[in-house]
Amino acid sequence: MTPRSLFRAAAVAELVTWTLLIAGMVLKYGLDAGDWGVRIGGSIHGFVFLAYLVVTTVVAVNQRWSVGALLLGWVSAVVPYATVPFEVAVARRGMLEGPWRRTADERSGLWDRLLFLVVRRPVVSAGIGLVAVALVFGGLLVVGPPVPKG
């Protein structure tokens, strides 16, 4: 899997889960069908949202994006359906071209060394990443949803 294909998959997954969440909200608030759709769609979306942030960060380090590009990538996950247009824009600019970097050069720093560990052991790294996202997600579930002021 190339940086481009991984990032594309994450962007599309984020878009799909936005649809699930919005459909759940339509069921809850538009059709008064209860909150089960928001609970399911929101949970899936929350997990994929966190995973998208991780994938965006890994791809940004590999592709040596600017901090601004990384931040814009993160922000695209907050705006419904913005991840795919962001992916298309960075792909058109050539910011997703090339393979995973596996060796250091004169510009390599701490983040690059962490990237090299991830790239050398992708299955283990994916497992660790999923566990980390699950732990954060679980912690957020314990904290609970935002409570509307009223």
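The condition of being in a helix (DSSP H, G or I) and of a type in the set (Gly, Ala, Ser) holds for ALA126.
Listed by first and then second residue, the pairs with beta-carbon distance under 9 Å, at least 6 apart or on different chains, first residue in the range 13-36 and in contact (Cβ under 8 Å) with a residue 12 or more places away in the chain, second among the acidic types (Asp, Glu), are GLY24/ASP35. Taking each residue of the range 62-80 that is farther than 14 Å from PHE49 by Cα and touching a residue at least 40 places away in the same chain (Cβ under 8 Å) and looking for partners that are aromatic (Phe, Trp, Tyr) and surrounded by 17 or more Cβ atoms within 10 Å (Cβ to Cβ) with beta-carbon atoms closer than 6 Å, six or more apart or interchain, yields ASN62/TRP100. As a summary of the residue check, VAL79 satisfies the conditions (1) within 13 Å of the chain's Cα centre (by Cα); (2) part of a helix (DSSP H, G or I) except for the one numbered (2).
Among the residues of the range 139-150 satisfying the criterion of being assigned to a helix (DSSP H, G or I) and exposed (fewer than 10 other Cβ atoms within 10 Å of the Cβ), which is modelled with the highest pLDDT?
Let us first name the residues in the range 139-150 that are assigned to a helix (DSSP H, G or I), namely 139-143.
This time we only want the ones that are exposed (fewer than 10 other Cβ atoms within 10 Å of the Cβ), so: 139, 142-143.
On the way: GLY139: 88, VAL142: 83, VAL143: 82.
It comes out as GLY139.
The single residue among ARG113, ARG107, ARG120, ARG92 that is in contact (Cβ under 8 Å) with a residue 40 or more places away in the chain, out of contact with any helix residue (DSSP H, G or I) (no Cβ under 6 Å at 6 or more places or on another chain) and among the basic types (Lys, Arg) turns out to be ARG107. Picking from residues in the range 103-138 that are among the β-branched types (Val, Ile, Thr) and loosely packed, with under 11 Cβ neighbours inside 10 Å, the one that is modelled with the highest pLDDT is VAL131.
For every residue, the table says whether it meets (1) assigned to a loop (DSSP other than H, G, I, E, B); (2) hydrophobic (A, V, I, L, M, F, W, C).
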position	(1), (2)
LEU71	no, yes
GLY94	yes, no
TRP100	yes, yes
LEU114	no, yes
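Within the option set GLY34, GLY30, GLY68, being touching a helix residue (DSSP H, G or I) at 6+ places or on another chain (Cβ under 8 Å) and surrounded by fewer than 19 Cβ atoms within 10 Å (Cβ to Cβ) holds for one residue only, GLY34.
The values are calculated or read from the model by the stated rules, or taken from the named source; none is laboratory data. For clarity, every value in this text was computed on a predicted model and none was experimentally measured. Cβ atoms come from the backbone with ideal geometry, glycine included; neighbour counts cover every protein chain shown.
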